[in-house]
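*Asks:* First, the structure itself, so that you have it in front of you.
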Ligand SMILES: C[S@@+](CC[C@H](N)C(=O)[O-])C[C@H]1O[C@@H](n2cnc3c(N)ncnc32)[C@H](O)[C@@H]1O
């Protein structure tokens, strides 16, 4: 008999209710969707830089795997224009409701439920990409190979992944609470089976997938007391709390969610601290020749 699993839903960083989970460590509660959209703002520049380097152009066809609430798909739509096509794929239907509503004005963008298996039904792509999705795959090498197999000759496969292991001492001057939250984040991702350090090993990853040495770009967003990173990390810890609890690593009470964001905001402000987001690595390779 299977035991029902629990996730947390909450009203911001202020209170938690237990609900059912679906295997993906971060879940798709409304607060997690808000976190993704906050995150998309500080990942916009690194993502644009990758798209610029790839020379994504008007009329091209793009697959965004693990699209979430659609930010990467919408960005790609800007590059390919109304004569191009962008398909966003996600295996969660709730988040696609949000993505479809946000991109309703973009006729070149559509969202489909599913993963890479079966994606050949969409034909071949100039660019197959994903952001913060490969780190959640059990077999990231097979995932990359599958993504590359959907690319036209001369096209590109690209992933933008976190390099979280480099974010220890994530605040200067040090804010103990911010650094402690990164500890929870590390442990929570570990407990949930996600490899959020994988941005640090893209060369090995692409080589193992038979794609040769990738082009690489490393960037990191930083901010001060008014940065959205304060709210973002509170929401991240909240999304990971169920994994931490299931692994017996923490109890909800340990986090003090009822005033976590206020405490963190006050501490970062008092220290005039510069706080870091996870470093981000863009890695991409051309497939065959046109
Ligand atoms: C951290 S979110 C990133 C969302 C988006 N790429 C962004 O950067 O805002 C990861 C998303 O990938 C989806 N996902 C994870 N593994 C997937 C898979 N194998 N196929 C399709 N979607 C997947 C999850 O459901 C989740 O919505």
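*Asks:* Distance in nm between label sites at residue 112 and residue 259, each 7 Å beyond Cα in the beta-carbon direction?
*Replies:* Computed distance between label sites residue 112 and residue 259 equals 5.1 nm.
*Asks:* May I pose another question? What is the order of 185, 164, 62, 97, fewest Cβ neighbours within 10 Å to most?
*Replies:* Going from sparsest to densest Cβ surroundings: 97, 185, 164, 62.
*Asks:* With all distinct Cα pairs included, what does the Kirkwood hydrodynamic radius of region 134-233 come out to in Å, to one decimal, could you say?
*Replies:* Across region 134-233, the inverse of the average 1/r is 15.4 Å.
*Asks:* Ok, one more. Rounding to the nearest 10 and keeping the result within 0 to 90°, find how far the Cα-based axis of helix 93-102 lies from the longest principal axis of the chain.
*Replies:* Its long axis makes an angle of about 80 degrees.
*Asks:* Run lengths n ≥ 4 of DSSP H only: what is the helix-derived mean residue ellipticity at 222 nm for the chain, with -39500 (n - 2.57) per run over all residues, to the nearest 500?
*Replies:* About -12000 deg cm²/dmol.
*Asks:* Okay, next question. Rounded to the nearest 10 degrees, what's the angle between the helix 229-246 long axis and the longest principal axis of the chain, both from Cα atoms, 0 to 90?
*Replies:* Roughly 80 degrees between the two axes.
*Asks:* Indicate the gyration tensor shape class of region 42-150 (rounded, prolate or oblate), computed on the Cα atoms with a ≥ b ≥ c the square roots of the eigenvalues: a/c under 1.5 is rounded; otherwise a/b larger than b/c is prolate and the rest oblate.
*Replies:* Rounded, since a/c falls under 1.5.
*Asks:* For region 259-290 and region 123-145, compute the distance between their C-alpha centroids and round to whole Å.
*Replies:* 22
*Asks:* Using all Cα-Cα distances in region 7-286, what percent lands in each 10 angstrom bin from 0 up to the longest?
*Replies:* 7, 29, 36, 21, 7, 0
*Asks:* When 56, 144 are ordered from fewest to most other Cβ atoms inside 10 Å of their Cβ, what list results?
*Replies:* Final ranking by Cβ density, sparse to dense: 56, 144.
*Asks:* Continuing with this model, one more query. Can you tell me the FRET efficiency between residue 58 and residue 138 if r is taken as the Cβ-Cβ distance and R0 is 41 Å, rounded to the nearest 0.05?
*Replies:* 0.65
*Asks:* Given a Förster distance of 22 Å, report the FRET efficiency between residue 172 and residue 218 from their Cβ-Cβ distance, rounded to the nearest 0.05.
*Replies:* Using R0 = 22 Å, I get an efficiency of 0.70.
*Asks:* GNM on the chain, C-alpha springs below 10 Å: top fluctuator among 77, 158, 209?
*Replies:* Checking each option, the largest mean-square fluctuation is seen for 209.
*Asks:* Compute the separation of the alpha-carbon centres of region 22-58 and region 102-119 and state it in Å as a whole number.
*Replies:* 15
*Asks:* Could you tell me the relative contact order of region 92-248? Use alpha-carbon pairs under 8 Å, at least six residues apart, and round to a whole percent.
*Replies:* This gives 21 percent for region 92-248.
Since every read-out is calculated from the coordinates, none of them should be taken as a lab result. Every value quoted in this text rests on a predicted model; they were computed, and no experiment measured them. With ideal geometry, Cβ positions are generated from the backbone for all residues, glycine too; neighbour counts draw on all protein chains shown.
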